[in-house]
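Worksheet: one structure, shown below.
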Amino acid sequence: MVYLLPDADWWRQAVIYQIYPRSFADANGDGIGDLKGITSRVPYLKQLGVDAVWLSPFYPSALKDGGYDVADYRDVDPKIGTLEDFNEMSATLKQAGIKVMVDIVPNHSSDDHEWFQAAVKAGKGSAERARYIFRDGLGENKDQPPTDWLSIFGGSAWSPSGSDDGQWYFHWFDSSQPDFNWEHSDVKEDFLKTLKFWGDRGVSGFRIDVAHGLAKDMSEPLPNWETLDKLTTRKLQNGNAELVHPIYDRDEVHEIYQSWRKLFNQYNPPLMAVAEAWVAPDRKGLYASSDGLGQAFSFDILLCNFHKEEYEECINRSLAAAREIKSSNTWVLSNHDVMRHASRFGLPDVPNENLPVSQVALNVFLQNKLQDPKVDVEGGLRRARAMTMMILALPGSTYIYQGEELGLQEVVEISPEERQDPIFRRTEGHDIGRDGCRVPLPWVSNEKNFGYGSGKSAHLPQPDWMSQYAVDVEDRDPSSTLNVYRKALELRKELQGPEELEWIKNDDANSDILHFKRPGGWEVVVNFGKTEINIPAGQVLLNSSGKALENDKIPGETTVWLKNE
Ligand code: NOJ
Ligand code: CA
């Protein structure tokens, strides 16, 4: 029996598949994945069993940051399709019972956006400049940036206006991504218009990029970098926040999301939204509250090493946090910003105290480790599959990133000339960036571009080893990663129930096992150890992250789903 949630709550326990459109499937053979390519692969998504897809940006963009530099929020990039293609794709997905979520990038636009172009042209003090963050440079000739702040992607967070007027504009990310001034009513109104535009086109929800960044206090004097880097928005005893950080996680940002929520609730069912917010755990709830966006990504599980204790602690903490704010937790192991988890689990542990705090920093850190030739590919995939099966059994929703269902490894064979991520360029190659998880998918092992597209080569190089992960190869192998995902998603629909979890404790203090129960007699055993263990008595095996089980034993580094006999 399938556990039915009210329509308005569909997202609480959904499996959402992230599509990075330019790397998914290329229908017209120009080397760039497109919307028609997605439409052609809907049967694949249906068979996989996902509830929704989230599309990373497909809007017109110069692709300076993989589409997160948006030139027009209410159109499709002509390089990858048209609005008609979007409609056709949505209709085909809808027919297959799959909902659509789109990515909203409200912190910054592209420097190609007509507002930014107009701002540069209109000059200092103009109404057009007020929609962005322009300041005078320092020094006699104003040729020094207004502050010493650094961009998240490296280098200065300010670039000259290009008008030779001594003004600079603020960009928290690449210089092609000027930050909006969210105090401006035009900006507020225009984003409501954008959300309505996509809501009216039938999307079910939104992923909100850099959700913690919109509200800023750019009044003078601005602190220097050393001070800024240490500032956070701390929670005070009375529950209010001490607003100390000028550009990060400020309380006023929630006024924006409350106005969005009013719009979302005009739809039936209401539109959902999930915040990408890299904030302290005690601040996350504000983004996920029901009068705000409703859900916020929890990336905590992505930071765990393959140790029972780390996961147990993280699961308890994440579930408690989601419960407190009446949202549901989001489980994520991979996305377009981090190293694929099959590779991550093949690397040595990262001591917890050394973990970088932001997603970009984490990835850069891991990428540099990946250059180490001692990557355990087989073990990495085994542990990745075990962790995927574990998170798919937890209460809450799971976000899957395209290609992880094939067990794809991170691609390191990309030359400096082929790299696209601005992080690579802005750090002069010091940090290798995120291209390795954005390489186009292999669909058919013996076709050109592995079936991704039949014309030009893929826009990022697909190494030969990818053929063994191609969909057609995995389709035929019952124990492939793809078939493990398919089976897990199918069973999950039947096993899903109230968002409850009960730990089953083991007497052995040294045990390497996590064991929990879900409603309806569904049990999950994760063997973090290297040696095999017995299946608990009275249980039948439903699914395993490993190969077929022998002698009713659960091999090391394997997760199994069981049901009472
Ligand atoms: C987070 C996105 O996931 C990432 O890909 C992008 O580079 C930054 N936000 C800036 O938009
Ligand atoms: Ca194409």
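We did not get these values from a lab; they are worked out from the coordinates using the rules stated. This one's a predicted model, so the numbers in the text were calculated from it and none came from an experiment. Here Cβ is always computed from backbone atoms with ideal geometry, including for glycine, and neighbour counts include all displayed protein chains.
Here is how the numbers come out for the structure above:
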item: Space enclosed by the convex hull of the alpha-carbon atoms of region 1-85, per residue, Å³; result: 121
item: Dimensionless Rg ratio for region 243-361, taking C-alpha atoms and the 2.2 N^0.38 Å reference; result: 1.17
item: Cα-derived Rg to Rh of region 500-564, Kirkwood definition; result: 0.93
item: Residues whose placed amide H lies under 5 Å from that of Val15, excluding near-sequence neighbours; result: Asp51, Ala52, Thr398
item: Amide H contacts of Gln295 (H built 1.01 Å from N, under 5 Å, at least 5 apart or other chain); result: Ala273, Ala275
item: Part-to-part distance (alpha-carbon centres) for region 267-294 and region 416-443, which is given in Å; result: 30
item: The chain: relative contact order as a whole-number percent, Cα under 8 Å and 6+ apart; result: 14
item: Cα-projected label distance for Ser185 with Ala122, points at 7 Å along beta-carbon direction, nm; result: 1.5
item: Amide H partners (placed H, <5 Å) of Trp443, local residues excluded; result: Gly451, Tyr452, Val471
item: Average Cα contact separation per residue, region 114-170, under 8 Å, 6 or more apart, as relative contact order %; result: 32
item: Relative packing of 300-312, 427-439, which averages over residues the other C-beta atoms within 10 Å, highest first; result: 427-439, 300-312
item: Pair Gln47, Ser163: separation of 7 Å Cα→Cβ label points (nm); result: 5.6
item: Separation in nanometres of the label points that stand 7 Å from Cα toward Cβ, at Val540 and Asp143; result: 7.9
item: The chain - convex hull of the alpha-carbon atoms, volume per residue in Å³; result: 153
item: Over region 360-517 - Rg/Rh using Cα atoms and the Kirkwood inverse-distance radius; result: 1.03
item: Global form of region 105-173, assessed from the alpha-carbon gyration tensor, a/c cut-off 1.5; result: oblate
item: Overall dimensions of region 436-499 by Cα: Rg and Dmax, Å; result: 15.1, 48
